[in-house]
1. Any idea how far apart B:Leu91 and B:Leu53 come out in nm if each label point goes 7 Å out from Cα toward Cβ?
2. Zone of A:Ser158 (label point 7 Å along Cα→Cβ, backbone N under 20 Å): which residues in segment A:209-234?
3. In a GNM of chain A with a 10 Å cut-off on Cα contacts, which of A:Ala239, A:Ala137, A:Ala81 has the highest mean-square fluctuation?
4. Can you give the extra length, in nm with one decimal, that the chain gains between A:Leu93 and A:Asn215 once fully stretched, where that is 0.36 nm per residue apart less the Cα-Cα distance?
5. Quick one: divide the alpha-carbon radius of gyration of segment A:145-259 by 2.2 N^0.38 Å and tell me what you get.
6. Compare A:Lys147, A:Lys67, A:Lys34 in a GNM of chain A, Cα atoms joined below 10 Å, and give the one with the largest fluctuation.
7. Answer rounded, prolate or oblate for segment B:87-130, using the Cα gyration tensor with square roots of eigenvalues a ≥ b ≥ c: rounded when a/c is under 1.5, else prolate when a/b is larger than b/c, else oblate.
8. Rounded to the nearest 500, what is the 222 nm mean residue ellipticity of the protein assembly as shown from helices alone, with -39500 (n - 2.57) per DSSP H run of 4+ residues and division by all residues?
Amino acid sequence: MQTITGEIRVVLAITLLLLLITTFVIFFVFFYQKRYRQHRKETLELEVRFAETLRQSRFEIQEQTLKHISRELHDNLGQIASLIKINLNTIRLSDIDKTAEKIENTKDLTRQLIGDIKSLSVSLGSDRISKIGLAKAIETEVEQLNKTGEFVASYNLSGTMPLINGDKEIILYRIVQEVFNNMVKHSQATNIDILISVSENLFNLAMHDNGMGFNVEEKMKGTGAGLQNLISRASLINAQLNIQSTPGAGTRITIALPL
Amino acid sequence: MIEIILIKLLNYLDTIPLLILLLVAKNNKALRGSFILYYIIIQLFFNLSANILNELGWKNLYLYHLNCLFSFYALSLFYFQLFNTKQLSRLIAAVAVIFTAIFFFNIYKWESVMVFNSNTFGVASFILCAYALYYYLQLYKNPQPVNLAKSSNFWFNTGIFSYYTISFFIFLTYHKLTEEKAPLLRIVWKLHNFIFLIMCIYFFIGILCKRSRVK
């Protein structure tokens, strides 16, 4: 009966050791690549979602702007133009004093009309937010809320507005618009406050109303697709959106964006 | 009877899988002109010849010398094609020339064609392991977006890496062990054949993959 000598044992042992090492190397390379592919896939998906959200936000901002223009044309500019027409139609050259008064009045109305058209044309630009900045755009929204006469809206900025990436600004602005829309449509609030506070590494935007509030958990489970959409949009720009609401005690929505 | 067949089968583990690989590769048009295919043909030719001569009781060790040289050329050309950069191509060509010089010097000075060529097998294994590891390193440094499981080059490289790394110590010591007529030496060569089978399995997976764009 032959026995395995020490030398052969060493050869076999080292060969088995090499087998283990090579197996480890092969698995490492294989799984490293697999993980890389998975990560790349996720990144690509995120990029696609971001681009889609951005496109959707731009579209929704345009829609909102068109609605605003339509309302302004009908309720404001149309009214002023009608008054101008009435003034001009009722001018009687025989009555110099009254005519002078009407012409002065018409001049004022025309000046007002030009001013309103100018401010309306500003809101028409597609790159308005990048031109005027997020803070100014939000302030304009607040002004429009006040103009309706149904709300008392306030806007406060604490700190210096940081430089935020243009695409992120658009998505943030759209989130704010959507929150305002919800407050106007569903909250039955009379006061709406918005506060932007900027610290060294955090941009914080808080919106608060004194409306009827709602049960957040129930809303999220049920017909809260809009709220989920807000949260999902915020997460795409790496921000955290938090909703606090109690039935009868208003709603507070905060967006925290790390800088 | 079954035991004898099994032992015979183990002896032919370096031949039968190659035949199967060739049959499978025949249907894969993408493999035409591939140096892996040449490598398989070289291995099949020399291993089959060596086994037949062994059955006849004739000396066959000079065939292992030739096998080592031509296999090294085929695999060098495979990596030459795979790396495809000017610097590496030059390096591979230079290494092949140096290896040829070592090969003949070894026959002349240390291991004649009548003994097993541990030195040249050892050197060839070392170089091929280095090429294979370099390929892995490239994959690590520049991960590819394609699925490696579908990359034939990855599996071919894995086969080469497994066979030449695991067999390295066997190659290196086999000459000494045969000279000392170590008992149960055949176990070592059977283990080698088993490792060869592992390489063939990786090659088999690689052949089943479509032509890979991974470089």
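1. The two pseudo-label positions are separated by 3.5 nm.
2. Residues A:209-210 fall inside that zone.
3. Among A:Ala239, A:Ala137, A:Ala81, the largest GNM mean-square fluctuation belongs to A:Ala81.
4. Working: separation 122, 0.36 × 122 = 43.92 nm, distance 6.61 nm.
That pair, A:Leu93 and A:Asn215, stretches by 37.3 nm at full extension.
5. Details: Rg = 14.0 Å, N = 115, 2.2 N^0.38 = 13.4 Å.
Normalised Rg, Cα atoms only: 1.05.
6. Answer for the Gaussian network model of chain A: A:Lys34.
7. Details: a/c = 4.34, a/b = 1.90, b/c = 2.28.
Because a/c hits 1.5 or more and a/b fails to exceed b/c, segment B:87-130 counts as oblate.
8. On the way: 17 runs with 327 residues, N = 474.
Value at 222 nm, helices only: -23500 deg cm²/dmol.
None of the figures in this text is laboratory data; all of them are computed from the coordinates on show. The structure displayed is predicted, hence computed values, not measured ones. We place every Cβ from the backbone using ideal geometry, glycine too, and count neighbours over all the protein chains shown.
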